[in-house]
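Nothing in this text is a laboratory measurement; each read-out follows from the coordinates by a stated rule. Everything quoted here is computed from the prediction, not taken from an experiment. No Cβ is skipped: glycine too gets one built from the backbone with ideal geometry, and neighbour counts run over all protein chains shown.
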2 protein chains.
Amino acid sequence: MRIGELAAARGIAVTWKPFLLGPVFAAQGWDTSPFNIYPAKGRYMWRDMERICAARGLPFCRPAVFPQNGLMAARLALAAAEENRLDTFTKAVFQAQFGAGEDIADESVLRDCLGMAGLDLGLMQRAQAPDIKSALRAQTDEAIAAGIFGAPSFTSGTELFWGDDRLEQALDHAVAGAI
Amino acid sequence: MRIGELAAARGIAVTWKPFLLGPVFAAQGWDTSPFNIYPAKGRYMWRDMERICAARGLPFCRPAVFPQNGLMAARLALAAAEENRLDTFTKAVFQAQFGAGEDIADESVLRDCLGMAGLDLGLMQRAQAPDIKSALRAQTDEAIAAGIFGAPSFTSGTELFWGDDRLEQALDHAVAGAI
């Protein structure tokens with residue numbers, strides 16, 4: 001929710017790269033979210049997210065279904081990129097899941113997200129095209145190869161930064177690299 | 001390294017409570033540090049720590065042995081508490097392990113830490129007393145019961161905060177609770 005403003009303030013360009021978390025987790029040996037595998041840590045992470053959203057004035061509603069199947073949402077994000085709406089659409093999807101507690105595997109939820117991003121419902125069909133599917137697979141492989149093990153992750157040069165709380169560090173690294 | 005100064009600036013009293021990480025990890029189903037169980041995450045965590053230490057001007061040297069047996073160090077920390085030197089001694093132990101890359105299972109390293117904290121070497125014997133041993137076990141059980149799954153963790157009222165990057169949140173929560 002905040003990368004756009006913080007990056008713009010530093011004059012840094014951001015390239016969003018959607019990937020699937022399932023294969024990334026599988027590469028670590030996890031068959032579901034670590035929030036579910038480790039209950040004490042999971043309870044903490046939800047509370048942490050709730051506190052952060054409250055502090056930032058963001059709505060938060062823990063989804064009943066978690067983790068969710070984000071395959072269609074991720075493909076749509078790649079289709080939205082062709083319309084220069086990747087960031088707007090992605091934020092709508094995250095707000096649907098974590099702000100409203102909805103299930104983003106539900107096509108009606110995704111259609112609402114397209115609407116909120118000012119995108120045409122025809123993208124539902126575009127998202128099923130073979131080149132979109134293979135691009136998402138390639139980007140997921142690229143994420144694993146880059147050592148990514150969770151989301152959000154930020155890369156700047158060869159450096160990897162993981163988590164909302166490392167966003168400023170990542171952007172500062174990009175500023176230093178750009179000088 | 002920074003809790004003392006930040007807490008003092010907010011007028012907050014800090015009670016340090018050493019506990020053993022081994023039983024805490026075992027309660028999560030981990031038989032060693034998650035840094036070792038999940039290599040991609042482990043590589044990242046070491047690099048993250050290296051970057052944070054560089055940014056704060058703290059020495060960093062990744063220890064060859066990890067995780068280390070911190071049993072004697074933790075018992076000594078409880079003995080140091082009786083001399084009101086718990087924080088000073090603990091910082092010396094963390095600097096030995098992560099600043100100098102030494103093994104804190106080594107008694108000569110611990111003797112150096114006692115010396116740096118201005119403590120008597122007689123504490124090596126005090127640390128082996130039954131009441132110290134049982135106090136450490138009780139405090140470790142208390143940590144697990146509080147939902148703690150890693151270190152450092154901070155509690156304020158019924159809220160749990162995990163990790164250096166949540167220190168300010170924890171202290172701010174304590175300030176709000178004290179008003």
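Of note:
- Cross-link partners of B:Lys133 among lysines (Cα-Cα below 23 Å; sequence separation of 8 or more within a chain): B:Lys17, B:Lys91
- Taking B:Thr90, A:Thr32, A:Thr15 and counting other C-beta atoms within 10 Å, the order from fewest to most: A:Thr15, A:Thr32, B:Thr90
- A:Ala26-B:Ala151 FRET efficiency (beta carbon distance; Förster radius 35 Å; 0.05 resolution): 0.80
- Gain in span if fully extended, A:Asp106 to A:Arg137, counting 0.36 nm per residue against the direct Cα distance: 9.0 nm
- With its label point put 7 Å out from Cα toward Cβ, A:Leu71 sits 5.0 nm from the same residue's point in the other copies, in order from shortest.
- Inter-label distance, nm, simple model (7 Å from Cα along the C-beta direction), A:Ile37/A:Glu82: 3.6 nm
- Considering the rotation that superimposes chain A on chain B, the residue of A whose beta-carbon lies nearest the axis, and that distance in Å, is A:Asp165, 2.
- Placing +1 on the Cβ of every Lys and Arg and -1 on the Cβ of every Asp and Glu, with nothing else charged, gives the range A:83-179 a dipole about its Cα centre of roughly 220 debye.
- Across peptide A:31-37, the mean count of Cβ atoms from other chains lying within 10 Å of each residue's own Cβ comes to 1.
- Computed magnitude of the charge dipole of chain A (debye, nearest 20; Cβ of K, R +1, Cβ of D, E -1): 260 debye
- Centre separation in Å (Cα based) which lies between the range B:100-138 and the range A:78-144: 56 Å
- Value at 222 nm in deg cm²/dmol, rounded to 500, when DSSP H runs of n ≥ 4 in chain B each add -39,500 (n - 2.57): -16500 deg cm²/dmol
- Peptide B:160-167 has a mean shielding of 3, counted as Cβ atoms of other protein chains within 10 Å of each residue's Cβ.
- Listed residues A:Leu21, A:Leu78, A:Leu167, most fluctuating in chain A (Gaussian network, C-alpha, under 10 Å): A:Leu167
- Value of Rg/Rh across the range A:3-178 [Cα atoms, Kirkwood radius]: 0.94
- Estimated FRET transfer efficiency when R0 is 45 angstrom, pair B:Phe94-A:Ala9 (beta carbons, to 0.05): 0.80
- Environment charge of B:Gly70, counting only residues whose C-beta is closer than 12 Å and scoring Lys/Arg +1, Asp/Glu -1: -1
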